[in-house]
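Okay, so here's the structure we're looking at.
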Amino acid sequence: MEVSRHWRLKQQRYALVGEVCPSCQHKIFPPRDICPDCGQEARTTYQFSGHGEVYSFTTVRNAPTGFEENAPYTVALIKLDEGPMLTAQLTDLGEKPVEIGMPVEMVTRRLRSDGERGMLIYGYKFRPALKAA
Amino acid sequence: MRDVAIYGTGMLRVSEHWDLSVVDLAGRAALEALHDSGLDRVDALLVTNMLSACQTTGQLNLGARVADWVGLRGVEAYKVEAACGSGGAGFRSAWIAVASGAIDLALIVGVEKMTETPGPEITAGLATAADADFEVPMGPSFVALNALIMRRYQHEYGWPHEAFAPFSINAHANGARNPLARLQEAVTVDDYRNARMVSDPINLLDASPIGDGAAAIVIGPAERLAPWGQRPRVLVAGSAAATDSLAIHDRRVPLHLAAAEQSAASAYAMAGLGPKEIDLFELHDAFSIMSALSLEACGFAEPGQGPRLAVDGSILPGGRIPIATFGGLKARGHPVGATGVYQLAEVARQLQGEAGDCQLDRARVGMAQNIGGSGATIVTHILRQA
Amino acid sequence: MATLAPTDVFIAGVGLTPVGEHWNSSLRDLALEAIQAARADAGGIRPQALYAANMLAPALSGQTHLGALLADFAGLRGIEASSFEAAGASGGVALRQAYIAVRSGLIDVALVVGVEKVTDRVGPSVDAATAMAADADHEAVQGLTFAAQAGLLMRRYLHEVGAPDDALAGFSLTAHANAVHSAHAFLRKAISLEDYRSAPRESDPLNIYDVAPLADGAAALVLVRREALTGSGGRPSVRVAGSAVAITALALHDQPDVLGLDAAERSARAAYEQAGFGPEDIDVYELHDAFTIYAALALEASGFAPRGAGWKLAVEGEIGRQGRIPAMTFGGSKARGEVGGATGLYQAAEVVLQLQGRAGANQVPEARVGMAQCLGGAGATAATHIFASLER
């Protein structure tokens, strides 16, 4: 991942910052400037809570370039509490089997490294939500 | 807009063509189609391809490169790309130009060279069809993205994994009768049960194989098509394209191929017919889940009921809606940017009565639907005998 | 005045981003900016189809599938969309698709958008990427770059016509002079003949002032048929009078006449024929000066100068705004910037601005007919469009 591109996407990767549409209040992640619901301009930032649930998941064994050393790993569609869905790796699973509907929460982890001398790319992953005792 | 006819087709075997470059593949298919059309010149040559532009050792300007190879200097030539939907998109582009009279004769050649690129690079190349900012960097391979859909689908509709087996079994049985297919061996339900997991729940027999391949079609005004022996004329009756978000997570309803429904509806309307009149459907079975979703979106099954058509044999050659009649993406193979042209050439050959051992008894109206990415570009064409 | 047909295609609006190093903008952000500007310029009209032009996104951004991506990102989810590529001629090729679709009646409102994002990568990978427009198996593999191809051509040209080493300087000087007042240009400083003569060498005999800088940008146009053209604030209506694409051999060594720019000549001839115009009718010519040598060759191939005399037009000032054939009126690729697959659409938009009298300090007086021509690789593909304004 190129330096400048990674820098631009930082706010989303580290902090789950998206947008809320000022016209229809639809929550948007990832941010995209035009509301997919009502078509109006949407540039107001919105901070997501990081909580959501697993909509679907799978295990990647044949990893794309750059991810080989992490294989096998689990990737999921996460439905955030506020509505939007995103794609992310699951982490800290331990012995726990993954299930659709499992509550999860966002953490910042290393996604990959760009080779020995390249950047370490960090971003969001999701782990099973820790319940209060 | 005037009627447009298929003048001729050319198809290479989908295989590991170590001795042929991407340009050789394209050129050969193009020459075969020109020969089949009885022509030595066209006005435009469109190349459909996805991966040649993805690596800095690749080839841009394929239109000029291929046209020159074929001996067509001076013609108009360019590349059309919509990821794995490139073939259908290119055919549509050519159809619009011919139907409107902007040009008379067009040659569409789909080509893909995949087998000499190392695995991780191919996986990365295929992933360019997905959202490069918000899907790909998270690590899912293209198979993984489709696996997310299949798992959710099974969860919502309760189908056991085995219900998808007949998609694979049918495709392989048909591919075994197609000398141009990548995979020419039948498979059994036991093979399906024991197949290695690729990205759960997708196993090896749910997923289509890569390969090198090229297919080409010549189209032109129907009124000028000279009779070719006993061969029935094949006309383009319907053509439509629609798009959806690249990322699955941005879809309104992730389990519904909205762009398939939209483009199929437009194509049906243009052709003046509906699902009942379709005799064969070359759908985009890159993964078995896509077969189910395509059948549903195009009106052959209710939402969530696509696998029933597999389970009850409707998709077989003798069934109500034969699919993958030459093996489909699953067995004929999926040379991504070329696939859409293979689908159309196969429908054309069915309608021309030139499908060899894959010939259906009844083939008067056929539909081909080509999908880019996980459903972001969907191009639907309906061909009919006339 | 030409007789109009109901199928005639008009430009309802244009939108451009400044060409530059847009660190804050992604590929899709840039495209959105141009799309919104073009749609606003067209009165907010909603397109039914999107034609995308791009050459480097797959290699430099890991992204194919731009048609659907941009349609969705621009709030146009669902409309048909595809991407078209012919290296540096991608913009013109995509424009032609939009033109054909609207002319056919199948599409009422078409949006064509070209975009390139080249600044996320640096150095060798960008050079390798642009070399992909050459023959991968027989040119690029030898280490031949886009600049090296131009160097070969320039050396041969200077040899054949017996011109001095600085014969092509005028193209660079004119481009830079025009860019000074061009709001969307990348390099807005004038240069002198002395600057050119003393410039560091690139692939010789090129020097750095012979080379157009590759940068980020996006340009978009909205096309409609006559009945959909609302009186857009009293400005002249501009129609597409001619549209043609042609190819020749990809590798320089395969071309029968390396300096003849065969594809440009054919496409120009076809466009003239459709339009019912000749070179003498063209008031402004946005040619593709990816390197100064191509400017000289294009002028010859498109009929503005006899063979071997293209360079003289630059020396004699004929390509300036008051000259016989104003070219690069907003800076051309050299100073407005080279934007890969989007260049052809910048050119088209600039011609439209000229014909509508919206070129500000760069206005060519009484411009009525304009030509935009872009080249893929070393002229392997050429796309030529001729635009004409209606007499008010």
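Using the structure shown, decide if residue C:81 is at the interface with another protein chain (Cβ under 8 Å from one of its Cβ atoms), within 18 Å of residue B:246 (Cα to Cα), in contact with a helix residue (DSSP H, G or I) (Cβ under 8 Å, 6 or more places away or on another chain) and surrounded by 24 or more Cβ atoms within 10 Å (Cβ to Cβ). When the stated conditions are applied, residue C:81 passes them. The numbered conditions (1) part of a strand (DSSP E or B); (2) within 29 Å of residue C:361 (Cβ to Cβ) are all true for residue C:110 except (2).
Among the listed residues B:354, B:346, identify the single one that is in a loop (DSSP other than H, G, I, E, B) and either among the β-branched types (Val, Ile, Thr) or under 15 Å from residue B:9 (Cβ atoms) (or both). Working first, answer last.
Working: B:346 fails: in a loop (DSSP other than H, G, I, E, B).
Exactly one of B:354, B:346 is in a loop (DSSP other than H, G, I, E, B) and either among the β-branched types (Val, Ile, Thr) or under 15 Å from residue B:9 (Cβ atoms) (or both), namely B:354.
The set of residues from the range A:21-45 being assigned to a strand (DSSP E or B) and among the basic types (Lys, Arg) comprises just one member, A:27.
Among all residues of the range B:140-154, there is at least one that is within 14 Å of chain A (Cβ to nearest Cβ), aromatic (Phe, Trp, Tyr) and touching a helix residue (DSSP H, G or I) at 6+ places or on another chain (Cβ under 8 Å). For the range B:297-304, check the following and say yes or no: at least one residue is acidic (Asp, Glu), in a loop (DSSP other than H, G, I, E, B) and away from chain C (no Cβ under 14 Å). Scanning the range B:297-304 turns up at least one residue that is acidic (Asp, Glu), in a loop (DSSP other than H, G, I, E, B) and away from chain C (no Cβ under 14 Å). Scanning for something surrounded by fewer than 20 Cβ atoms within 10 Å (Cβ to Cβ), in contact (Cβ under 8 Å) with a residue 24 or more places away in the chain, assigned to a loop (DSSP other than H, G, I, E, B) and in contact with a Gly (Cβ under 9 Å, 6 or more places away or on another chain), does the range B:307-326 turn up at least one residue? Within the range B:307-326 (the criterion being surrounded by fewer than 20 Cβ atoms within 10 Å (Cβ to Cβ), in contact (Cβ under 8 Å) with a residue 24 or more places away in the chain, assigned to a loop (DSSP other than H, G, I, E, B) and in contact with a Gly (Cβ under 9 Å, 6 or more places away or on another chain)), the answer is yes, since at least one residue qualifies.
Has the range C:113-125 got at least one residue that is under 26 Å from residue C:8 (Cα atoms) and assigned to a strand (DSSP E or B)?
The initial filter retains those residues of the range C:113-125 that are under 26 Å from residue C:8 (Cα atoms), namely C:113-114.
Now restrict to residues that are assigned to a strand (DSSP E or B): C:113-114.
So far as the range C:113-125 goes, yes, one or more of its residues are under 26 Å from residue C:8 (Cα atoms) and assigned to a strand (DSSP E or B).
Where helices (runs of 4 or more DSSP H) sit wholly within the range B:1-120, those with at least 2 residues that are of a type in the set (Ser, Thr, Tyr) occupy B:86-99.
Condition first: within 20 Å of residue B:379 (Cβ to Cβ), small (Gly, Ala, Ser) and over 19 Å from the mean Cα position of the chain (by Cα). Now tell me which residues in the range C:48-73 satisfy that. Result: C:49, C:67, C:68, C:71.
If only residues of the range B:58-86 that are more than 7 Å from every other protein chain (Cβ to nearest Cβ) and more than 17 Å from residue B:214 (Cα to Cα) are counted, the one that is surrounded by the most Cβ atoms within 10 Å (Cβ to Cβ) is B:72.
Per the listing A:45, A:74, the residue uniquely more than 7 Å from chain B (Cβ to nearest Cβ), over 22 Å from residue B:150 (Cβ atoms) and not hydrophobic (A, V, I, L, M, F, W, C) is A:45. When residue A:96 is tested against the conditions (1) touching a residue at least 24 places away in the same chain (Cβ under 8 Å); (2) part of a strand (DSSP E or B), the lone failure is (2). Exactly one residue out of B:99, B:94, B:106, B:53 is within 8 Å of another protein chain (Cβ to nearest Cβ) and either closer than 24 Å to residue C:127 by Cβ or buried (at least 24 other Cβ atoms within 10 Å of the Cβ) (or both), and it is B:53. For the range B:12-36, the tally of residues that are among the hydroxyl-bearing types (Ser, Thr, Tyr) and at pLDDT 95 or above stands at 1.
From C:248, C:174, which residue is buried (at least 24 other Cβ atoms within 10 Å of the Cβ), under 17 Å from residue C:329 (Cα atoms) and of a type in the set (Val, Ile, Thr)? Even if it seems obvious, please write down each step before you answer.
Details: C:248 fails: under 17 Å from residue C:329 (Cα atoms).
Going through C:248, C:174 in turn, the sole match is C:174.
For the range C:52-71, the count of residues that are more than 11 Å from chain B (Cβ to nearest Cβ) and either buried (at least 24 other Cβ atoms within 10 Å of the Cβ) or of a type in the set (Gly, Ala, Ser) (or both) is zero. Of everything in the range B:190-243 that is more than 26 Å from residue B:385 (Cβ to Cβ) and assigned to a loop (DSSP other than H, G, I, E, B), the residue that is farthest from the other protein chains (Cβ to nearest Cβ) is B:211. For residue C:45, the conditions (1) among the aliphatic types (A, V, I, L, M); (2) under 21 Å from the mean Cα position of the chain (by Cα); (3) surrounded by fewer than 23 Cβ atoms within 10 Å (Cβ to Cβ) are fulfilled apart from (2).
Could you tell me whether residue B:206 is among the acidic types (Asp, Glu) and either touching a Phe, Trp or Tyr at 6+ places or on another chain (Cβ under 7 Å) or closer than 27 Å to residue A:79 by Cα (or both)? Give the steps one after another, and end with the answer.
Details: among the acidic types (Asp, Glu): yes; either touching a Phe, Trp or Tyr at 6+ places or on another chain (Cβ under 7 Å) or closer than 27 Å to residue A:79 by Cα (or both): yes.
Considered against the rule, which asks whether it is among the acidic types (Asp, Glu) and either touching a Phe, Trp or Tyr at 6+ places or on another chain (Cβ under 7 Å) or closer than 27 Å to residue A:79 by Cα (or both), residue B:206 comes out as yes.
Every residue in the range B:1-20 that is surrounded by fewer than 23 Cβ atoms within 10 Å (Cβ to Cβ), more than 22 Å from residue B:220 (Cα to Cα) and either more than 14 Å from chain C (Cβ to nearest Cβ) or of a type in the set (Asp, Glu) (or both), please. Residues satisfying the conditions are B:13, B:15, B:16, B:17, B:18, B:19.
Quick check, is residue B:207 more than 29 Å from residue A:86 (Cβ to Cβ) and surrounded by 19 or more Cβ atoms within 10 Å (Cβ to Cβ)?
On the way: more than 29 Å from residue A:86 (Cβ to Cβ): no; surrounded by 19 or more Cβ atoms within 10 Å (Cβ to Cβ): yes.
So residue B:207 does not fit the description; no.
Name, by its number, the condition in (1) among the aromatic types (Phe, Trp, Tyr); (2) part of a loop (DSSP other than H, G, I, E, B); (3) within 18 Å of the chain's Cα centre (by Cα) that does not hold for residue B:167. Just one mismatch for residue B:167, condition (2). For the range B:144-170, the set of residues classified as among the hydrophobic types (A, V, I, L, M, F, W, C) and without any contact (Cβ under 8 Å) to a residue 40 or more places away in the chain consists of B:169 only. The set of residues in the range A:94-113 being among the small types (Gly, Ala, Ser) and at pLDDT 90 or above consists of A:101 alone.
Listed conditions (1) surrounded by fewer than 24 Cβ atoms within 10 Å (Cβ to Cβ); (2) touching a residue at least 40 places away in the same chain (Cβ under 8 Å); (3) of a type outside the set (A, V, I, L, M, F, W, C); (4) within 8 Å of another protein chain (Cβ to nearest Cβ) are all met by residue C:75, apart from (2).
Residue count for the range B:121-140, restricted to those that are of a type in the set (Ser, Thr, Tyr), touching a residue at least 40 places away in the same chain (Cβ under 8 Å) and not in a loop (DSSP other than H, G, I, E, B): 0.
Residue count for the range C:78-105 satisfying the condition of being free of Cβ contacts under 8 Å to residues at least 40 places away in the same chain and in contact with a Phe, Trp or Tyr (Cβ under 9 Å, 6 or more places away or on another chain): 4.
The values are calculated or read from the model by the stated rules, or taken from the named source; none is laboratory data. The structure presented is a predicted model; accordingly, all values stated were derived computationally and were not measured. Neighbour counts are summed over all protein chains in view; Cβ atoms, including those assigned to glycine, are modelled from backbone coordinates with ideal geometry.
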